[in-house]
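> Have a look at this one before I ask anything.
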Amino acid sequence: MTTTTRTKTCAGPACDRRVYSRGLCRTHDQQRRKGRTLTPIPIPTIDLILDAAWCIGGTVTVAELSDRTGISHNTILRAIQRNPDLIECAGTIPVKHTGEPQSRDVSAWRITPAGLDRLHG
Ligand SMILES: [Zn+2]
């Protein structure tokens with residue numbers, strides 16, 4: 001985390017979201033209003049996917065994302081399909097699996113500029 005002079009971030013635990021009210025982000029402010037102990041907010045699946053895609057670099061397959069995040073192929077595909085602005089299909093690449101009688105093409109994905117903004121924003 002760098003300390004910049006941009007928007008203030010939430011005072012909640014492990015949170016760097018923008019402040020919504022009383023020094024807290026919207027989610028942590030909701031927790032406060034319900035009288036609950038403030039807890040870390042689970043990271044959305046799409047953010048885990050973007051982070052994994054960034055770490056792998058270039059174009060990535062669902063299998064690579066699944067290996068890296070431990071999230072199932074179906075869950076990753078659903079998250080990708082729900083966020084076409086953040087991660088996009090970059091065409092297909094041949095599967096490198098050995099022992100398969102025929103090579104099969106799978107879709108490869110890459111982070112969009114909007115996705116990069118979300119990663120580093
Ligand atoms: Zn927060």
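The values are calculated or read from the model by the stated rules, or taken from the named source; none is laboratory data. Computed from a predicted model, the values in this text were never measured in an experiment. So basically every Cβ, Gly included, is an ideal-geometry build from the backbone, and we count neighbours across all protein chains shown.
> Residue pairs, Cβ under 6 Å, 6 or more apart or interchain, first in the stretch 25-44 and free of Cβ contacts under 8 Å to residues at least 40 places away in the same chain, second part of a loop (DSSP other than H, G, I, E, B) and surrounded by fewer than 16 Cβ atoms within 10 Å (Cβ to Cβ). List them.
Cys25/Arg17; Arg26/Tyr20; Asp29/Tyr20; Leu38/Pro13; Pro40/Pro13; Pro40/Ala14
> Next question. Take Asp16 and decide whether it is touching a strand residue (DSSP E or B) at 6+ places or on another chain (Cβ under 9 Å), within 16 Å of the ligand (Cβ to nearest atom), modelled with pLDDT of 95 or more and outside the structural domain of Ser107 (by TED's automatic domain parsing). If you could, list the steps in order and put the result at the bottom.
Numbers: touching a strand residue (DSSP E or B) at 6+ places or on another chain (Cβ under 9 Å): yes; within 16 Å of the ligand (Cβ to nearest atom): yes; modelled with pLDDT of 95 or more: no; outside the structural domain of Ser107 (by TED's automatic domain parsing): yes.
In short, no.
> Based on this model, can you work out whether Thr39 counts as within 13 Å of the ligand (Cβ to nearest atom), more than 12 Å from the chain's Cα centre (by Cα), more than 17 Å from Leu119 (Cα to Cα) and not in a helix (DSSP H, G or I)?
Working: within 13 Å of the ligand (Cβ to nearest atom): yes; more than 12 Å from the chain's Cα centre (by Cα): yes; more than 17 Å from Leu119 (Cα to Cα): yes; not in a helix (DSSP H, G or I): yes.
Considered against the rule, which asks whether it is within 13 Å of the ligand (Cβ to nearest atom), more than 12 Å from the chain's Cα centre (by Cα), more than 17 Å from Leu119 (Cα to Cα) and not in a helix (DSSP H, G or I), Thr39 comes out as yes.
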